[in-house]
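Heads up, the thing below is written out as structure tokens.
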Number of protein chains: 2
Amino acid sequence: MGTEAVEDDADDADTSDAHDAYDALLDRVRRWNTVGSAAGVLGWDQQVMMPEGGTPARSRQLSTLSSIRHEMITDAETGDLLDTLADADLTDEQAAVVREVSREYERADAVPRRLVEEISEASTEALQAWEKAKDENDFDRFAPHLQRHVELKREYADHIDPDRDPYEVLFEEYEPCLSMERTEAILDELRETLVPLIDAIRASDADLAVDTFEGKFPEDEQEALARDALDLVGYDFDRGRLDVSSHPFTSGNQFDCRITTRFDESDPLAAVGSTIHEYGHAQYALGLPQKHFGTPLGDDRDLSVHESQSRLFENHVGRSRAFWERFLPTFQEQFPETDDATVEDAYEAVNQVYEDNLIRVEADELTYHLHIVVRFEIERDLVRGDLAVEDVPETWNDKYEQYLGIRPDTDSEGCLQDIHWSHGNFGYFPTYSLGSVMAAQLYAAAEHDIDDLDDKITAGEFEPLQEWLAENVHQHGSRYETNELVKRATGEALSADAFTDYVEAKYGELYGV
Amino acid sequence: MGTEAVEDDADDADTSDAHDAYDALLDRVRRWNTVGSAAGVLGWDQQVMMPEGGTPARSRQLSTLSSIRHEMITDAETGDLLDTLADADLTDEQAAVVREVSREYERADAVPRRLVEEISEASTEALQAWEKAKDENDFDRFAPHLQRHVELKREYADHIDPDRDPYEVLFEEYEPCLSMERTEAILDELRETLVPLIDAIRASDADLAVDTFEGKFPEDEQEALARDALDLVGYDFDRGRLDVSSHPFTSGNQFDCRITTRFDESDPLAAVGSTIHEYGHAQYALGLPQKHFGTPLGDDRDLSVHESQSRLFENHVGRSRAFWERFLPTFQEQFPETDDATVEDAYEAVNQVYEDNLIRVEADELTYHLHIVVRFEIERDLVRGDLAVEDVPETWNDKYEQYLGIRPDTDSEGCLQDIHWSHGNFGYFPTYSLGSVMAAQLYAAAEHDIDDLDDKITAGEFEPLQEWLAENVHQHGSRYETNELVKRATGEALSADAFTDYVEAKYGELYGV
């Protein structure tokens, strides 16, 4: 045998080593993700089913599973396998798995477990302080906890990469594949478009039919209506459930993904919107490939893409004339007292732009993003050290006045309204707006690709839209990074353009501006 | 320093080593038991809440948690710590923990993981075959799976102790602290007492009021009634839930223990009995010491003791005149059509001895144990190699004829009726009868210790009984082995005497025999 034959053998060995390493890595990843999905079931149960007294046992179960998962990820064997695979000749699919697992491994490995636990403990304390502070309109009670979170999260970012903007590093916890530069550009464009648009709407003399759906609508009928809406859009109850919880959420995987909602007796339209929003999340999870359960190829592409799926259904479907043409008769069957309402009344009611709403979760489709911009600018500056915790309330109120033309009277209605900072989740808020922007871009592409999409929705034919989303988004899992996914689906990089076109056309027509 | 001082130092080191080893062992045990309790939540969800499509993900979650738990138990470190503690000077409490953990470790360590997985896979296949075989009355379809389970379980027992009776070894999986000798003696005594007693009852001309509660009783009212019963006996809904499932069961721990029940529209008395039965299980779990969660001191003392708590409430409370004095008015509020029924009618209805019932789960308090004796004798002989699988149907039918005077027409109503053998759970059945026997012995002791217990029950005062059970049973967790626990609570070793006294007195009076 000559040298070449020896080289061939060596090549074979390399290929076989890489093959074995890949299989071993995949086994490990499946295992830790399966532990994560088990913890997800416990989290769902905690919020939906668990009796109050169960908390101590549940906390220990969840922290034990979390620490087992962390140990599996950071095990030296994970690093060795990734080293073996770093220069190996991999298929695109394998390369995507290695890319995603490497990112997760590097972050988990960089941050000491002690710090993760410290943040978790700080969150428990901060959450209690925040609840009290919000109840009693007492920012000072929460301030030291916010300060502590800023310090711990800076330390966290520093472990991951001491040379980069710590806010960007934290943002990547929720959206790892979009740059801060692009994100800031999108949020700037939203602010620049929406502030004048909202001003014009307020200055207009349009008179929308906002009182048509006033009254008292019992919860049982609202729940039946929510189920009607889910049946219409095509939720698969053999792989899901609808329950009630204090904060609506979606939880699960491609085999079993469950929705919760809540009901306000004075506002049945909100329940419909919220249920369809959660349906969009669930449909994404249920559309992930079953054979890749537990691996990045069967896992969702992070928060912005997830939110794009919920916003697409909430806004582009649920706030369209086409949807209400179909759904209003169903609504009126549950609530015959609204028999006089027209489709146009419903369309106007679900699309009204509020004059004086201070609360993010009650915001309309336009002002919503200014709520986000305020939070983004404040948390970014806090983490970067450009804003002191004590100055948060004043800054918050000034920005609300500047962007939305309203000023909170209390911190409870101001900078204490959201739970996110009590968990130290800096960098989470932008993903909400990124999701909306992405929803608009995806929906425009779907409208382009599907003939007469509006007519199909009015006819109750949701399959073409579902198939388009499954083919262009759901089936890919985390195979592509966010921008690549968006480009493949829409032909363009992610930008705010489709969103600004959409709102300018829609609200221009509605308000005559 | 002289020799003594050196010895003192050595003693200190020993003590300190043992102390550290005990703490380390306890940490490990808490961790694996917490994983086990997390799996318990997933199991509850699977039976009560999970949509059908969720099965593939749930199976993987449960098998992953099971394998993680097994790895933790059998980790070499567990064995090393137990070795260190084997000859250490321990408190009684510590010694109890080491005894229980050693038993679990030795069994888990002795059996190869491969065999555990093989049994689990065989069970999945056997379960499907059993369901079909039962549906189609086709024992031959199930026979090869039963044969496979017999072989696998013999192999399992052989790994644990090749020198002992394999059936005894398997029985210890469910009841590790009672000898087979005592168990066989108890079951023999039950058979010898009950066969003639039931013969005498059938020969008697007593005419019990068994038709009083015939009719159709809607599920919603039955559920309200089940909640009334739970409120009466004192179930803490802040630490539990009541749901519906196809097979009633109880699942949870000292912080959160949940009950399920089921409803038969023609038989509201069955739902009351079943709910109170599960309540007894739940009350045991909820009475375990919270501070010992995740350790043997906070864990139940296996199946016989668990069943004693459920049977005590189902039979000694729920089938008593005292209970129906209290509960009949509540029953009649839910079901006014039964207003003519007297307490004696209710007492007779819940205590009727069936003439021709072939089904264990529908059996009365007396014939029940003959159903168990048949199963015990057959599975014991199967595992010992004294009975061939092909002879099971004939043997089953002969024994039913011999002990109960009835012969099944089909195997579906005969040896195919129970799920247990499709899981390979040989040795489980006897714990049902041991639980009844223990319930009678404990209740007799409680009646002795608590003045006018009957009057208290009629007055709705359940605290004295609960406190007696908490003090004598629940609070001890697995601190004492079963016999020691029973002796401390009742002054006597476990025997069938209290049970035979109870049934002879009760049914003698009811049927005049």
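The values are calculated or read from the model by the stated rules, or taken from the named source; none is laboratory data. This structure is a prediction, so every number in the text was calculated from the model and none was measured. Neighbour counts run over all protein chains shown; Cβ positions are idealised from the backbone, glycine included. SASA here: full protein model, heavy atoms, side chains in, ligands and nucleic acids out. Shrake-Rupley method; radii C 1.70, N 1.55, O 1.52, S 1.80 Å.
Taking amide hydrogens as placed 1.01 Å from N in the peptide plane, the amide H of B:G252 sits under 5 Å from those of B:R258, each at least 5 positions away in sequence or on another chain.
Amide H contacts of B:D243: B:I259, B:T260, B:T261, each under 5 Å away and 5 or more positions distant or on a separate chain (H built 1.01 Å from N in the peptide plane; Pro and chain starts excluded).
Using a probe radius of 1.4 angstrom, the carbon and sulfur fraction of the accessible surface of segment A:344-397 is 36%.
Karplus-based coupling profile of segment B:463-471, in residue order and whole Hz: 4, x, 5, 4, 5, 4, 5, 4, 6, with θ = phi - 60° in 6.51 cos²θ - 1.76 cosθ + 1.60 and x standing for Gly or Pro.
Considering only alpha-carbon pairs that sit under 8 angstrom and 6 or more positions apart, the relative contact order computed for segment A:236-391 is 13 percent.
For segment A:199-301, the list of GluC sites (Glu not before Pro) that fall in a loop by DSSP and count at most 13 other C-beta atoms within 10 angstrom reads A:E214, A:E265. Working note: 222 nm ellipticity from helices only, DSSP H runs with n ≥ 4, each -39,500 (n - 2.57), summed and divided by the residues of the protein assembly as shown, gives -21000 deg cm²/dmol to the nearest 500.
Measuring nothing but how far apart in sequence close Cα pairs (under 8 Å, 6+ apart) lie, relative to its length, segment A:411-513 scores a relative contact order of 33 percent. Semi-axes of the equivalent ellipsoid of the protein assembly as shown are 56, 38, 30 Å, computed as sqrt(5λ) over the eigenvalues of the C-alpha gyration tensor in descending order. Shape class of chain A from the alpha-carbon gyration tensor: prolate, with a/c at 1.5 or above and a/b greater than b/c. Taking the C-alpha atoms only, the angle from helix B:302-311 to the longest principal axis of chain B is near 30 degrees. Taking the longest Cα principal axis of chain A as reference, the axis of helix A:497-511 is set at about 10 degrees. Among the residues of B:232-244, the average count of other protein chain beta-carbon atoms within 10 Å of the residue beta-carbon is 2. Phi-derived couplings, Karplus 6.51 cos²θ - 1.76 cosθ + 1.60 at θ = phi - 60°, listed residue by residue for segment B:84-101: 4, 8, 4, 10, 6, 8, 10, 5, 4, 5, 4, 4, 5, 4, 4, 4, 5, 5 Hz, with x used for Gly and Pro.
Per-residue surface analysis assigns B:T338 an accessible area of about 10 Å², computed on protein heavy atoms at 1.4 Å probe radius.
Computed over segment A:1-110, relative contact order equals 38 percent, with contacts defined as Cα pairs under 8 Å that lie 6+ residues apart. For peptide A:36-44, the mean count of partner chain Cβ atoms within 10 Å of a residue's Cβ comes to 5. For chain B, the longest principal axis of the alpha carbon atoms and the long axis of helix B:219-233 meet at an angle near 60°. Computed from backbone phi with θ = phi - 60° and the Karplus coefficients 6.51, -1.76 and 1.60, the 3J(HN,Hα) list for segment A:203-218 is 7, 6, 9, 4, 10, 6, 7, 9, 9, 4, 10, 7, x, 10, 10, x Hz; x is used for glycine and proline.
For A:S320, no residue has an amide H sitting under 5 Å from its own, ignoring neighbours fewer than 5 places away on the same chain, with H placed 1.01 Å from N.
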